[in-house]
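**Student:** A single structure is presented below for examination.
The values are calculated or read from the model by the stated rules, or taken from the named source; none is laboratory data. A quick note: this is a predicted structure, and the numbers were derived from the prediction, not measured. Cβ atoms come from the backbone with ideal geometry, glycine included; neighbour counts cover every protein chain shown. Protein only, heavy atoms only, side chains kept; ligands, DNA and RNA dropped before computing areas. Shrake-Rupley method; radii C 1.70, N 1.55, O 1.52, S 1.80 Å.
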Amino acid sequence: MTSQVPGAAQASAFAAERVRPVARDALPPAAPQSATGDQRPGPLATDTVVLLLVDFAPAARLWGWSRLVRGAAALRREAGLRWCKVLGSGHDGGFGLKPSGTRQGLFCVFDTDANARAFIDRSPIVHAYRHRAREFASLRLAPFSCRGAWNGRTVTPSIVSPLAAPGAESPAYQGPIAALTRGSIRPAAAAAFWKYTPASQAALEGTRGCLLAVGLGEAPVFRQATFSVWESLAHMDAYARHGAHRDAARAAADHRFFTESMFVRFVPLSMQGTWKGRHHALG
């Protein structure tokens, strides 16, 4: 099944026309100007994230497990790679305690969009993942907000926020939005945290506007992440602010489930491939 993404064309236009370089620890500089003085978009100047999702063919399971053992060391020579995480997944790509024997994720933060593109298009490692997969999807993501950290590392926003300015009635951008939530769970809070998972997953799977969702983990039980892509900000907020997810988020804040957490929002620049039987073609 192919995902028909309302606003997909706008996502590409937004990425092409609304991107502004953002220097670290500085205010966003002005966009470059043409000879006539008109502003023109410049290339991405800071972080672009690549997320690879793979479901290994049965014959490639051992190779897949070796990726988890080697971790980031296998990618140390990739041009422009700032940091990365090799991640496992829950059963059938979900969020439960039972791990998947075939599904994995690779979360990579690159210093430029050009290096992120080159990694997806030309890296031998990406080719190896594709060759051994029965399902494979690649996403290229421009972060526009980030709070918190992942093992002390963070993601620098590379585009201006597409959300509405204070006082505006609605966002100017109506295209797809992606979100990553990850946390290091306090051992004493693990049982309470996992109590909320089944209801949150059931609510997510039945939520209108969710194009893709996957549970990922850096380590069993205690170091978990969720990633999702939505047709629009309105669809994402409808899930986040109501029902089981809202209850879980409140409990996490009230009872301090995490010793460290990170929350990132992105504009998807491209989303290609197949995940859980659904084909995606954006960008």
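**Student:** Can you list residue pairs whose Cβ atoms sit under 6 Å apart, with the first residue in segment 141-153 being outside any strand (DSSP E or B) and the second being open to solvent by less than 10 Å² (accessible area, probe 1.4 Å)? Count only pairs 6 or more apart in sequence or on different chains.
**Tutor:** 149/262
**Student:** Restricting the search to segment 74-104, which residues are open to solvent by 20 Å² or more (accessible area, probe 1.4 Å) and farther than 21 Å from residue 130 by Cβ?
**Tutor:** 82, 91, 95, 96, 97, 98, 99
**Student:** Filter segment 56-110 down to residues that are within 17 Å of the chain's Cα centre (by Cα) and either polar (S, T, N, Q) or over 19 Å from residue 180 (Cβ atoms) (or both), then give me how many there are.
**Tutor:** Residues flagged as within 17 Å of the chain's Cα centre (by Cα) and either polar (S, T, N, Q) or over 19 Å from residue 180 (Cβ atoms) (or both) within segment 56-110 amount to 2.
**Student:** Which one of 208, 250, 246 is assigned to a loop (DSSP other than H, G, I, E, B) and modelled with pLDDT under 90?
**Tutor:** Unique residue meeting the criteria: 208.
**Student:** Would you check which residues across segment 35-73 are modelled with pLDDT under 90, surrounded by fewer than 13 Cβ atoms within 10 Å (Cβ to Cβ) and of a type in the set (A, V, I, L, M, F, W, C) and list them? Give the derivation first.
**Tutor:** The first filter runs over segment 35-73 and keeps only residues modelled with pLDDT under 90, leaving 35-46.
The next check asks that each one be surrounded by fewer than 13 Cβ atoms within 10 Å (Cβ to Cβ); those that pass are 35-40, 43.
Listed by number, the list holds a single entry, 35.
**Student:** Quick one: in segment 121-158, of everything that is β-branched (Val, Ile, Thr) and open to solvent by less than 20 Å² (accessible area, probe 1.4 Å), which residue is farthest from residue 84 (Cα to Cα)?
**Tutor:** Quick first cut of segment 121-158, residues β-branched (Val, Ile, Thr) only: 125-126, 154-156.
Checking the rest, the ones that are also open to solvent by less than 20 Å² (accessible area, probe 1.4 Å) come to 126, 155.
Numbers: 126: 14, 155: 11 Å.
Ranking the qualifying residues of segment 121-158, first place goes to 126.
**Student:** When segment 60-70 is examined, which residues are found to be of a type in the set (Gly, Ala, Ser) and free of Cβ contacts under 8 Å to residues at least 24 places away in the same chain?
**Tutor:** Within segment 60-70, 66 is the sole residue that qualifies.
**Student:** If residue 116 passes every condition in (1) open to solvent by less than 50 Å² (accessible area, probe 1.4 Å); (2) part of a strand (DSSP E or B) but one, which one does it miss?
**Tutor:** Residue 116 satisfies every listed condition except (2).
**Student:** Kindly indicate whether residue 126 is β-branched (Val, Ile, Thr), farther than 14 Å from residue 218 by Cβ and not in a loop (DSSP other than H, G, I, E, B).
**Tutor:** yes
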